[in-house]
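I have placed the structure first, in the form of structure tokens, so that the comments after it can refer back to it.
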Amino acid sequence: MKTVSLKTVLVIMIFTRSLAFGYCQSFEIVQDFEIQNDLRSVNGVSVADYDLDGDLDLFLVAATIFDESDPLTWSRLMRNDGEQGYSDVTLAAELINYKALHHKGMVMGSKMGASWGDYNNDGYPDIFLTNFGLDELWRNDGNGKFINVTQSSGVQGCQFCYSTTGLWWDYDLDGDLDLYVCDWIRENRFYRNDGEDTFVDITMQLGLGDDRNSFSALPLDINYDGLVDLYVANDAQENGLYLNNGDGTFSDWARPYGLDNDGNGMGMDVCDYNNDGRFDIYVTNIFSFEPNAFFVNNGDGVFSNESISLGIDDTGWGWGVRFFDADHDLDEDLYAVNGYTSEMAKDDRNTFFLNDGDGFKNISAELGVDNINYGMGLEVFDHDGDGDFDMIVGNRDAPSSLYKNTNIESSNIANNWLQITLEGTISNRNAFGSKIRITCDGEDYYRYYTGMNLFGQSIKSNHFGLSNHTSVDQVEVTWPDGSIEIFTNVEANQVLHIKENINNKIINEITEKTISSVDIFPNPFTDKLIVEFNKVDFSFFELKIFDTSGREVFNKPIKKGGKTNFELHFNDDANLSPGVYFYTLITDNTFYSGKIIQR
């Protein structure tokens, strides 16, 4: 019997891993794209199949002030023509009609972002453009042309607003997309979709008017109560976490949850980097002032910033960021773009971090993606339909860079994949806010779909690398309302389109339980609180209480022992002064939160 040394085994493991992502120009610049697109200064980039021909088209936001006589200042809609490359169809789509705004003497400054979202659920992606000045909403009429409905819709913002990113999300789960606009100068704005191309500004009513120089926003159910919350990245000030109170209002809970990073928050993305079923959040900052933050979901309702321990804290002067499984090994890698005009950022390069299971490794130079240009916008998508995700970077000082992922062509090992597109019928048409879980040989992998990014939002597929798996045992889709549909024995290497409500839907029991099973009273309280379980007999719970600064003032794990309620006496267990407090309560695998007041 032939023996193999441990050293030999380690060498084989390292060599096999290197083959999985060749480490040698696994991305190639698409040279023809620079020829087809002559823009030299771009902020946001986003993708959607605007003409419904089966491939993803590009929108590039020209950063400079609009000048009708200078095409280099025009944002561009680039139609994907397959093997023929991309065609500039901006004029044909009539997306250049800014005259009405100019004739009214409105301010039209630099342009920032482009967010795709089918706000009227007609199947055709519409687009919202953010500007330094009035914003714009363009309705896709399905004939290759867009209609400017900005003023009639009521989402134009204001003359001296500095809108950065528009976010489409269905905050009230009524089946249509509402709109949240981040602003770098003024308060953020929230518009409720009232149908018929009309929106109503209800920012003050909801309590979402963050005025801290916001760059981007992420909708996510942070506390697992079935209601979508909102996390906001702010420049040079604390980020905001707005929990949905369930009564039409939101409250900022960033500190108790460990999400109050006060760097120069700009780009954000959400992922499940360690495949534990809990979604994590990455935020880009300016490293010389504050390292990037990677908030890992601990599962107890609190997040820990693990960017330094995982080696992904430094991407220079960070802007756009994306997680995706570039090498199809079943976990998500990370790419971030950066740059600025100052001396501090002149040597910053775009950064690619390979997820190796135990952390991340910077292999930007090996892959040839360490571009030194002043990068701003970023998107990942399957531009050529070969199954893997490619990258588009919007540069401020050079043409945009389109990188083709050559991993499938160059790799010597299995490179299977699955892409899943979602179509809501009860939910919003784009199914923003859905979660996907796939199961392969007993292991689960997760995606959360919002399409959001810095300076943009995309309508695209959800991508899973599958390594050597030729099929997926189960695909589970949790739609925004918490209902579930399950599909089994799904073949690999295909784009699977799932339309809501064509399969038997399952009510998400966790969501129902979370909403109705626990009460904490009295509120306000004096010397005691009662925790009452209405429906489910939990075996264990832990109560944490925080003051308004985010400092933990009470923490007690309790074995319930089958009782229907439990009393906490604060004269014995804690010394709390009168005032407002926040609590988090973990019961087995479920999480609750709320506000309490002591008299």
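Quick one: which of 404/460; 404/435; 404/499; 435/460; 435/499; 361/435 span more than 23 angstrom between C-alpha atoms?
Over 23 Å Cα-Cα: 404/435; 404/499; 361/435.
At a Cα cut-off below 18 Å, give the aspartates and glutamates reachable from residue 346, other chains included and same-chain residues fewer than 8 away excluded.
Partners found: 290, 314, 370, 397.
When a/c reaches 1.5 or more, the comparison of a/b and b/c decides; with that in mind, is the stretch 205-340 rounded, prolate or oblate per its Cα gyration tensor?
oblate
Going Cα to Cα from residue 556, which aspartates and glutamates come in below 18 Å? Please leave out same-chain ones fewer than 8 positions away.
300, 519, 527, 532, 542, 547, 567, 572, 573, 588
What list of ³J(HN,Hα) values in whole Hz, one per residue of the stretch 483-500 in order, does the Karplus curve 6.51 cos²θ - 1.76 cosθ + 1.60 (θ = phi - 60°) give from phi, with Gly and Pro shown as x?
After applying 6.51 cos²θ - 1.76 cosθ + 1.60, I find 6, 10, 10, 10, 10, 10, 6, 8, 5, 6, 6, 8, 9, 9, 9, 10, 9, 4 Hz.
Just from its helices, what would the mean residue ellipticity at 222 nm be for the chain, if runs of 4 or more DSSP H residues each count -39500 (n - 2.57) and the sum is divided by every residue, rounded to the nearest 500 deg cm²/dmol?
Calculated from helices alone, the mean residue ellipticity at 222 nm is -2000 deg cm²/dmol.
Quick one: 3J(HN,Hα) in Hz for the stretch 364-378, Karplus 6.51/-1.76/1.60 with θ = phi - 60°, rounded, Gly and Pro as x.
Taking θ as phi minus 60°, the curve returns 4, 5, 4, 8, x, 10, 8, 4, 9, 5, 7, x, 10, x, 8 Hz for the stretch 364-378.
Given the C-alpha centroids of the stretch 263-288 and the stretch 407-465, what is the distance between them in whole angstrom?
18 Å
Amide H neighbours of residue 285 under 5 Å, at least 5 residues apart or on other chains, H built in the peptide plane: list them.
292, 293, 318
With the Cα gyration tensor of the stretch 112-176 giving a ≥ b ≥ c as the square roots of its eigenvalues, does the rule (a/c under 1.5 for rounded; else a/b larger than b/c for prolate; else oblate) give rounded, prolate or oblate?
oblate
If I take every Cα pair under 8 Å that is 6 or more residues apart in the chain, average their sequence separation and divide by the length, what percent do I get for the relative contact order?
12 percent
Calculate how many DSSP beta bridges within the chain are antiparallel, expressed in % of all such bridges and rounded to the nearest 5.
Around 95 percent of the beta bridges assigned by DSSP in the chain are antiparallel ones.
Would you grab the residues whose amide H sits under 5 Å from the one on residue 245? Only those 5+ places off in sequence or on another chain, please, with H modelled 1.01 Å from N.
The list, which skips near neighbours in sequence, is 250, 251.
Tell me which residues come under 5 Å, amide H to amide H, from residue 185 once H is placed; ignore anything under 5 positions away on its chain.
For residue 185, the qualifying residues are 162.
Roughly to the nearest percent, how much of the accessible area of the chain is carbon and sulfur, given a 1.4 Å probe?
On the chain, the fraction of accessible area on carbon and sulfur atoms equals 49 percent.
From the C-alpha coordinates alone, can you work out the Kirkwood hydrodynamic radius of the chain, in Å?
About 25.0 Å for the chain.
Rounded, prolate or oblate: which fits the stretch 352-480, taking a ≥ b ≥ c as square roots of the Cα gyration tensor eigenvalues, rounded meaning a/c under 1.5, else prolate when a/b beats b/c?
Taking the square roots of the gyration eigenvalues as a ≥ b ≥ c, the stretch 352-480 is oblate.
Send over a whole-number figure in Å² for the accessible area per residue of the stretch 267-318, probe 1.4 Å.
Averaged over the residues of the stretch 267-318, the accessible area is 29 Å².
About its Cα centre, how strong a charge dipole does the stretch 107-193 have in debye, to the nearest 20, once Lys and Arg get +1 and Asp and Glu get -1 at the Cβ?
420 debye
Tell me, what ³J(HN,Hα) does each residue in the stretch 460-477 have, in order and in whole Hz, if you take phi through Karplus 6.51 cos²θ - 1.76 cosθ + 1.60 with θ = phi - 60° and put x for Gly and Pro?
8, 7, 9, 10, 10, x, 10, 6, 8, 6, 8, 7, 10, 5, 8, 10, 10, 10
What order do 168, 74 take when sorted by accessible area (1.4 Å probe), most exposed first?
My answer, sorted largest first, is 74, 168.
The values are calculated or read from the model by the stated rules, or taken from the named source; none is laboratory data. Predicted, not measured: the structure shown is a model, and the values here were computed from it. Every residue, glycine among them, receives a Cβ derived from its backbone with ideal geometry; neighbour counts consider all protein chains shown. Ligands, DNA and RNA are excluded from the accessible area calculation, which covers all protein heavy atoms including side chains. Shrake-Rupley method; radii C 1.70, N 1.55, O 1.52, S 1.80 Å.
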